[in-house]
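Student: Next up is a structure, given as structure tokens.
The values are calculated or read from the model by the stated rules, or taken from the named source; none is laboratory data. Model, not experiment: these values are computed from the prediction. Positions of Cβ are backbone-derived with ideal geometry, glycine not excepted, and every protein chain shown enters the neighbour counts. To get the accessible areas, we keep the full protein, side chains included, count just its heavy atoms, and leave off ligands, DNA and RNA. Shrake-Rupley method; radii C 1.70, N 1.55, O 1.52, S 1.80 Å.
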Amino acid sequence: MIKRAVIDKILSDIRGDKPLIRAIIGPRQVGKTTAARQIVEALEWPHIYESADSPLPHKAEWITMHWHRARKLAAVKPALLILDEIQKIANWSEEVKRLWDEDRNAKLPLTVLVLGSSALLLAYGLTESLAGRFFSYHFTHWTWSEMKSAFGWSLDKWLYFGGYPGAADFCDDEDKWKHYVNDSLIETVLARDVLQLQRINKPALLRQLFGLSTTCHARIISYNKMLGQLQDAGNTTTLAEYLRLLASSYLVVGLELFSKGVARKRASSPKIILLNNALISAPSVETFKQVLQFPDKWGWLIENAVGAHFYNSLSKTSWHISYWRKGDKEVDFVVQGGDKIFGIEVKSGRLRKTSGLEAFKQQYPQAKTLLVGTTGIPLEEFFSAPAIEWLS
């Protein structure tokens, strides 16, 4: 079983001197629970693992009950309490804060590990109630390097089937794989991580927006155009908010138009990026072999994967990813960190407009440019390294 690199960091921090709540945040089915199991095996401490992921939400007393169980273990020797999908419990952070502060006053050697798959709700609880008491670790969708190491996948296979390790065993039966991703991953995230935890006035619209995103990956699409393709779409503000919710559940992100010195341009047309290519392939009726026969369709998959690779690697850093367009000139991705700017063009073999890198350089002379794919960094080389290494 592969051990993700961040696990050694978590173990080192737990064994350190400063006691903090450890929060593992990331998409469903990327190994958070497996990581918790590996941490338990490495520490060899008595532990309690419980998950709040149920159709009916638990109350805060659920946390207290299992916390008291863990306290009995910690009264004898250092112990570990793992609470999975904790964001599903209303006011969870207030209860954790109360119990944690009691343990610190009593000097109880209880380490607490919380796991969650909704970045929005988990991050809100951590920052609002638990400031100064936690350290977070972000698990991303699996990269090609990880899928290759664990399952021997080729790059083409990863570009189509994406980075869900739990679905890897079904790839030889593509119908079964599609059913698994659609039912066990996509539907579970929409039904439990978004609709169950957020007040959504138009749940059908949110599902339609996700469906539209799977067919418009790596494209720039205006909110007004979305309104024309979705039923009962309301207004652009609603669509922007629903897109933000999909991003908080690690499904879809809408990249903004780059403008130096402007942190956000909410009125700009978003560039749609699915954060795992499995989210594109599973809802589609086309098979792996069929998509490979169409360079244009394959090119969109490649471009989406490049955007997702940058976003997944950089989203919790000081780097910001966007795109640039002026007239008929376009740059696929722009990555900015401080005074450093990179214009990135993906050479994927698909038919496209004239490159906008030259025009981009004229407007931003200090920017550096990066070509990924044909005539640039080979795709195998690019996806073999963390995206941030290409920005050094």
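Student: Which whole-number percentage describes the relative contact order of the chain, with Cα contacts under 8 Å and a sequence gap of 6 or more?
Tutor: Computed over the chain, the figure is 13 percent.
Student: Under the definition of Cα pairs under 8 Å and six or more residues apart, what whole-number percent is the relative contact order of region 1-122?
Tutor: Computed value for region 1-122: 34 percent relative contact order.
Student: Ratio of region 132-176's C-alpha Rg to 2.2 N^0.38 Å, to two decimals?
Tutor: Relative to the 2.2 N^0.38 Å estimate, region 132-176 comes out at 1.47.
Student: If the cut-off is a Cα-Cα distance under 20 Å, which lysines reach K107, setting aside same-chain residues fewer than 8 apart in sequence?
Tutor: Leaving aside lysines fewer than 8 places away in the same chain, those within reach of K107 are K18, K72, K77, K97.
Student: Tell me which lysines have Cα within less than 19 Å of K260's Cα, excluding those fewer than 8 residues away on the same chain?
Tutor: K271, K326, K329, K340, K361, K368
Student: Follow-up question, since we're still on this one. Can you give me the relative contact order of region 140-184 as a percent, contacts being Cα pairs under 8 Å and 6 or more apart?
Tutor: It rounds to 32 percent for region 140-184.
Student: Compactness ratio of the chain: Cα Rg over 2.2 N^0.38 Å, N = residue count?
Tutor: In units of the globular-protein estimate, the chain measures up at 1.03.
Student: Given the options E44, E187, E95, which has the most mean-square fluctuation in a GNM of the chain, springs set between C-alpha atoms less than 10 angstrom apart?
Tutor: Taking springs between Cα atoms under 10 Å, the residue moving most is E44.
Student: I need the shape label for region 27-81. Rule: rounded when a/c is under 1.5, else prolate if a/b > b/c, else oblate, with a, b, c from the alpha carbon gyration tensor.
Tutor: oblate
Student: Still on this structure, I have one more. Limiting things to C-alpha atoms, what are the Rg and the maximum Cα-Cα separation (Dmax) for region 220-263, in angstroms?
Tutor: My reading of the Cα-based Rg and Dmax gives 11.7, 36 Å.
Student: To continue, here is another question. In square angstrom, rounded to the nearest 10, how much accessible surface does H179 have for a 1.4 Å probe?
Tutor: Here the accessible area works out near 120 Å².
Student: List every residue whose amide H lies under 5 Å from the amide H of S51, counting only residues 5 or more places away in sequence or on a different chain, with H placed 1.01 Å from N in the peptide plane.
Tutor: Here D84 satisfy the definition.
Student: Where is the GNM fluctuation largest for the chain (alpha-carbon springs, 10 angstrom cutoff): G254, G338, G116?
Tutor: G338
Student: Shifting gears a bit: Among the DSSP beta bridges whose two residues both lie in the chain, what percent are antiparallel, rounded to the nearest 5?
Tutor: Around 35 percent of the beta bridges assigned by DSSP in the chain are antiparallel ones.
Student: Helix 119-129: angle to the longest alpha-carbon principal axis of the chain, degrees 0 to 90, nearest 10?
Tutor: So the helix axis and the longest Cα principal axis differ by about 50 degrees.
Student: Reported to two decimal places, what Rg/Rh ratio describes region 227-355 when computed on Cα atoms with Rh from the Kirkwood expression?
Tutor: Numbers: Rg = 15.5 Å, Rh = 16.0 Å.
Checking Rg against Rh, the ratio lands at 0.97.
Student: Would you tally the net charge around W153, using a Cβ to Cβ cut-off of less than 13 Å, leaving W153 out, and scoring K and R as +1, D and E as -1?
Tutor: Taking every Cβ under 13 Å from that of W153, the sum is -3.
Student: Does anyone have the angle between helix 203-215 and the longest principal axis of the chain? Alpha-carbon axes, 0 to 90°, nearest 10?
Tutor: 50
Student: Something else now. Using Cα springs under 10 Å in a Gaussian network model of the chain, which residue among M147, M65, M226 shows the largest mean-square fluctuation?
Tutor: Highest fluctuation among the options: M65.
Student: Mark the label point 7 Å from the Cα of R104 along Cα→Cβ and return the residues of region 4-31 whose backbone N is within less than 19 Å of it.
Tutor: Hits in region 4-31 for R104 at 19 Å: 13-24.
Student: Could you work out how much longer the chain between F135 and Q362 gets when fully extended? Use 0.36 nm per residue separation minus the Cα distance between them, nm to one decimal.
Tutor: Values: separation 227, 0.36 × 227 = 81.72 nm, distance 4.21 nm.
Stretched fully, the F135-Q362 segment lengthens by 77.5 nm.
Student: For every helix of n ≥ 4 consecutive DSSP H residues, a contribution of -39,500 (n - 2.57) applies; sum these over the chain, divide by its total residues, and give [θ] at 222 nm rounded to the nearest 500 deg cm²/dmol.
Tutor: -12000 deg cm²/dmol
Student: How big is D, in µm² s⁻¹, for region 168-231 by Stokes-Einstein at 37 °C and 0.692 mPa s if Rh is the Kirkwood radius over C-alpha pairs?
Tutor: My calculation gives 242 µm²/s for D.
Student: Further question: With both partners inside region 292-392, how many of the DSSP beta bridges are antiparallel, as a percent to the nearest 5? Intermediate values should be presented prior to the final figure.
Tutor: Values: 11 of 19 bridges.
About 60 percent, rounded to the nearest 5.
Student: Can you tell me how region 1-112 classifies by the Cα gyration tensor, rounded, prolate or oblate, using a/c under 1.5 as the rounded cut?
Tutor: Cα axes put region 1-112 in the oblate bin.
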